Amino acid sequence: MLSNLEIAAFIAAGHEVRNVEFKGPGSSSDLDFVVKVARAAIAMANQRDGGYVIIGVDENDPERCGLDANLVAEWMDFDTVVDKINRYADPPVRLSRSRRQLPSGRDVVVLEIAEFDDIPILAARDAPKGVIRLGHLYTRSFRKPESTATHTHNELREVLDLATQKQLGRFLRTARGAGLPLPDRPSDDEQYNDERTAFIAQAAIEDIVPSARFEYTIRPADFESERVGFSDLLPAVRSATVSVRGWPFPFVQNPEHGDRWVSEQNRFIHTEVWAAFESGQYASWHRLPHDLEDDWNSLGDIEDENRFFPVWLPVAQFTEALSFALRYREAIGYSGPLSVHLRLLGAKGWHLTTGDRRRTPFHGDYRLSTNDWQRTVVLPEGPAAAFSARELAVAPSVHLLERFGWPGVTEQIVASAQDAAFDGKAF
């Protein structure tokens, strides 16, 4: 996403560029204005790497630049803006939005438009005054920065080349999935794993990786090495951070910047490491706490030191991880399927406790039966608000707790543990 400084630089240049279009102040309830924004968004989506539509900048009248609070709220309403723009787009445009400030201190809203996913985007209907015409293909002109349906052969070739590359990629993924022999090429998972492995190799996390730990990996469906701008990584993590139990997930205070990632190691609140990559992948490692105790009044003769595993621990962490994943997908401007891989390593034999004095303690000896538990939750396409992280976290929590041999675990118990962990707060 464009920064305040980048926006100021574009304005200082005195004109638009091919991947940036200015739109003066206007309301999302003004049909004529929305249509102009929609045409610009469609045109941006039909070029490589997409582009930006900045709402609130009138390059011909600096005095009119900026949006009042009501207009900012209108254009930051994700569902409304997406719906109004995509009435004119087939297939729909993928976009994200951010609030930014001009050098004058006034607010604008930036719409970041992603390039089309599979096929070029056409106009889905006619718009008033002929601004958009049904079936037309709009692109950004090479001759001057404008959205147009009149193409030179170079502009049209760019769209066709981009569509061909995407269709070829889809064919290769389908062919590999069907088992057809093809030239050896790393799969999407292999490429994600390679960048994750490269990070681990250079990160000083020896006190976490060999220990009993949770690992969370969040990945878009297909690997794209530069899906997220490097300067957008940290703002995306910050904006997606979840803080409900009194400390954030993840902890962001003094991040470090690598070649293709941003990361941070935290040993102040909880021992954890996270990394966000340009590919859109996010990974984190969380060492299990070693200061948890057995249930009170337990009849079990448990002598293991630092090997107690309260019910609320996976329930709370899975809910936070999935809530973060939903918010992170929106923050990086990705609307496709997202996989969230949950993993618990090195905790075989740990003893399950209730960890809540309001509940009757366990009197049996429930111990984890595996040293490597894994589960993947796939987040369907759609805005974060359409899903509940609490509901998504229930099934994997039950699945893990069953591996302790606890016969009484139910979805209702997990939901109750969520209420206790988050004091009834919704996600």
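Values as computed for the structure displayed
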{"item": "Among the residues listed as Thr148, Thr174, Thr164, the single one being β-branched (Val, Ile, Thr) and within 17 Å of Arg39 (Cβ to Cβ)", "result": "Thr148"}
{"item": "Residues that are of a type outside the set (D, E, K, R) and in a strand (DSSP E or B), drawn from the stretch 309-350", "result": "Phe309, Pro310, Leu338, Ser339, Val340, His341, Leu342, Leu344, Leu345"}
{"item": "Subset of the stretch 195-243 that is among the hydroxyl-bearing types (Ser, Thr, Tyr) and in contact (Cβ under 8 Å) with a residue 60 or more places away in the chain - its residue that is farthest from Ala275 (Cα to Cα)", "result": "Ser211"}
{"item": "Residue check for Lys144: in a loop (DSSP other than H, G, I, E, B), surrounded by fewer than 21 Cβ atoms within 10 Å (Cβ to Cβ) and more than 31 Å from the chain's Cα centre (by Cα)", "result": "yes"}
{"item": "Glu215 among the acidic types (Asp, Glu), under 24 Å from the mean Cα position of the chain (by Cα) and part of a strand (DSSP E or B)", "result": "yes"}
{"item": "Any pair with Cβ under 7 angstrom, 6 or more apart, that starts in the stretch 167-179 at a residue that is farther than 14 Å from Ala221 by Cα and ends at one that is in a helix (DSSP H, G or I) and of a type outside the set (A, V, I, L, M)", "result": "none"}
{"item": "Helices (runs of 4 or more DSSP H) wholly inside the stretch 14-87 containing at least 2 residues that are over 21 Å from the mean Cα position of the chain (by Cα), modelled with pLDDT of 90 or more and farther than 20 Å from Gly105 by Cβ", "result": "31-45, 78-86"}
{"item": "Failed condition for Asp118, given (1) under 24 Å from Leu168 (Cβ atoms); (2) in a strand (DSSP E or B); (3) among the acidic types (Asp, Glu)", "result": "(2)"}
{"item": "Pairs where the first residue, in the stretch 403-427, is more than 26 Å from Tyr328 (Cβ to Cβ) and in a loop (DSSP other than H, G, I, E, B) and the second is polar (S, T, N, Q) and at pLDDT 85 or above, C-beta under 6 Å, 6+ apart", "result": "Arg403/Ser369; Arg403/Thr370"}
{"item": "Where Leu234 falls short, out of the listed (1) part of a helix (DSSP H, G or I); (2) in contact with a strand residue (DSSP E or B) (Cβ under 7 Å, 6 or more places away or on another chain); (3) of a type in the set (A, V, I, L, M); (4) farther than 29 Å from Ala114 by Cα", "result": "(4)"}
{"item": "Residue that is buried (at least 18 other Cβ atoms within 10 Å of the Cβ) and either at pLDDT below 90 or within 24 Å of Arg287 (Cα to Cα) (or both), where the choices are Ala212, Ala201", "result": "Ala212"}
{"item": "Within the stretch 88-111, tally of residues that are in a strand (DSSP E or B) and over 17 Å from Glu6 (Cα atoms)", "result": "4"}
{"item": "Every residue from the stretch 9-60 that is touching a Gly at 6+ places or on another chain (Cβ under 6 Å), surrounded by fewer than 24 Cβ atoms within 10 Å (Cβ to Cβ) and within 18 Å of Asn86 (Cβ to Cβ)", "result": "Phe33"}
{"item": "Single condition Ser335 does not satisfy, out of (1) over 16 Å from the mean Cα position of the chain (by Cα); (2) surrounded by 17 or more Cβ atoms within 10 Å (Cβ to Cβ)", "result": "(1)"}
{"item": "Test result for Glu264, buried (at least 17 other Cβ atoms within 10 Å of the Cβ), outside any helix (DSSP H, G or I) and of a type in the set (D, E, K, R)", "result": "yes"}
{"item": "Selection count, the stretch 147-160, where residues are surrounded by 13 or more Cβ atoms within 10 Å (Cβ to Cβ) and either part of a loop (DSSP other than H, G, I, E, B) or of a type in the set (Phe, Trp, Tyr) (or both)", "result": "3"}
{"item": "Filter result for Ala321 (touching a strand residue (DSSP E or B) at 6+ places or on another chain (Cβ under 8 Å), of a type in the set (A, V, I, L, M, F, W, C) and within 18 Å of Ala415 (Cβ to Cβ))", "result": "yes"}
{"item": "Number of the exception - Val131 against (1) among the aliphatic types (A, V, I, L, M); (2) touching a residue at least 40 places away in the same chain (Cβ under 8 Å); (3) surrounded by fewer than 19 Cβ atoms within 10 Å (Cβ to Cβ); (4) closer than 24 Å to Ala236 by Cα", "result": "(4)"}
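The values are calculated or read from the model by the stated rules, or taken from the named source; none is laboratory data. Quick caveat: nothing in here was measured; it's all calculated off a predicted structure. As a convention, Cβ positions derive from the backbone with ideal geometry for all residues, glycine included, and neighbour counts pool all protein chains shown.
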